[in-house]
Structures are given as C-alpha cells and as structure tokens.
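For reference, the structure discussed in these notes is given below.
The values are calculated or read from the model by the stated rules, or taken from the named source; none is laboratory data. Model, not experiment: these values are computed from the prediction. Quick reminder, even Gly has a Cβ in these numbers, built from the backbone with ideal geometry, and neighbours come from all protein chains shown.
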Amino acid sequence: MVKDMAKAVCCEYCASWYHTRCEGISDEVYKFLNAGGDQIHWFCKSCNSKALDVMKLVQGLKERNEMLEAKLDEVKGQVEEIALVRGSFAEKIREITREEVQEAKEKELRECNIVISNIKETDHGAAGDPDQEPVTDNGIVKQLIHNVLGASDVEVVSTTRVPKVKKQGETYNRKLVVKLGSVNQKHKVLRIAKRSRDNDDWQGVYINPDLTKQERKKDYELRSELKRRRENGETNLILSRGQIVTKTNAGASFLHRGHSPAVS
C-alpha cells in the first residue's frame, strides 16, 4: 500500500501505484517522470513486457489498416474505372442500336429503288413540234425499262436526280434514283439490266440497286478486294450477292478461299 506523501509512480498499463524504492527508481528518475507529465510513460516490471507486446500489436494493426485503406482505395479506383467502362459500353450499345435502326429505315426507304447512271439531263421536247411529249427523266426511264429491257409490266413511280442541286459550273449527268412499283419489280429490272448493253443508244448507262451508306461502303471494300486479287493473278473472280466467288466454265459459282457460296 502506498501512503500519502510517499514517492510513488503509477503504471499506465495496470493503473497500480508503486513505491519508487520497490521499483528501483532513483530520485533523479522520479523527478524526470514527474517533469515529463503526459509525454513520459511508465510501466511496472510485471506490465512492461505486456505493454511492449501491446504496442507492437497496435503498430502492426496500424500498418495493416494502412495497407487495407490503400487496397480499398485501389479497389475503389477499379470500381470507378469499371463504372466508366460500363457506361461507355452501354453508350456504345445504344449507338450501335441507333445505327442499326437507322440502317433498317434507310433500307426500307430504298427497297423498291434502283439507281441509273449516265442518262443525259434534259426536260425539253422536240423544238417546234407541239404534238411530241416533253423528254423528261420519267419518260426516258420508262423507255429504257419498257422498251429496251422489255419489262412493260414494271411501274415507274417516280424519278429523282441526286444530288438535287448541282454546283455552279458542274456539267456531269446526275444519277437518277427511280422508285418502282414493288420489290419484285426492282429485282426483275436488276436481273435484266444487262440487256441495255446490246443497244448502241444505251451504251454506258448502268442500273444498280439503291444502296445505303453502309452498303455502299461494303460494296466499295468488296470491289477493292476483287481488284487487288485480280491484280495478284487470280482469275474468274466475280461479285455475286455480296460475295467474291470463282466462276466455273459451266457458269456455276463455288466457295472460294473462305467466302460463303453465292445464293442462287
């Protein structure tokens, strides 16, 4: 028991008071402990090793906590990055969906159309002949389809020059976008389009399907590949239904270097 006025120190671990003499504390050390206040910590002999163990444990926990916080910050950064990627991916999906919807609309608008190139632009009739009908794009297209190609049952719904307006000084003949009565009529005209080559008056006039921007890009890439392969020595190559195929002597097409066979 420590009496009042006796020199004693308190163990900060067990909170017990001890005589300085019992703990072997000199007067100088006692004065130093008192002068240090809260900045100096003292443990009794029995608690000293325990206190050191606790301090080591606390230090270890502190270090592990710092490592855990660093790891959490890393995970947080990864989660934020994933969220950004996910948002970007979702936006890309929406963009692709919009493009596909727009492409479908464009195809639907063009499903009955053909494009005719190199027809001279004119909307005038024969001079001084009031009985002759004006020579219009619509009339010329009907003459080509009904008389030259022999498809008198095909309905010509409308004809439109593209682009709608020429730039000043341009003299080329704009292409004609022609809307026909049905998809079947369009396919019929495309099947017999080569007949115009047998007529001297229609040399250089070409009939093609009305393609969307994406379809035109794909068609350009296919034709570029066809040209490259022909220049590399490959022969009997043709384009058929969006494929590059090899044409046999019998006129049949077969699978060529990984390309799908043409649909007949």
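Okay, here's what the table says:
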read-out: Cross-chain or 6+ apart pairs with Cβ under 7 Å, region 47-59 first and in a helix (DSSP H, G or I), then surrounded by 13 or more Cβ atoms within 10 Å (Cβ to Cβ); value: CYS47/CYS11; CYS47/TYR13; CYS47/CYS14; LYS50/TYR13; ALA51/TYR13; ALA51/PHE43
read-out: Options VAL157, VAL162: the member that is surrounded by 13 or more Cβ atoms within 10 Å (Cβ to Cβ) and of a type in the set (Val, Ile, Thr); value: VAL157
read-out: Search result, residues across region 129-152 that are without any contact (Cβ under 8 Å) to a residue 12 or more places away in the chain and in a loop (DSSP other than H, G, I, E, B); value: ASP129, PRO130, ASP131, GLN132, GLU133, PRO134, SER152
read-out: Residues being in a helix (DSSP H, G or I) and without any contact (Cβ under 8 Å) to a residue 12 or more places away in the chain - total across region 164-200; value: 7
read-out: In region 97-128, residue farthest from THR171 (Cα to Cα) [restricted to those that are at pLDDT 90 or above and small (Gly, Ala, Ser)]; value: ALA104
read-out: Condition check for GLN59: surrounded by fewer than 10 Cβ atoms within 10 Å (Cβ to Cβ) and polar (S, T, N, Q); value: no
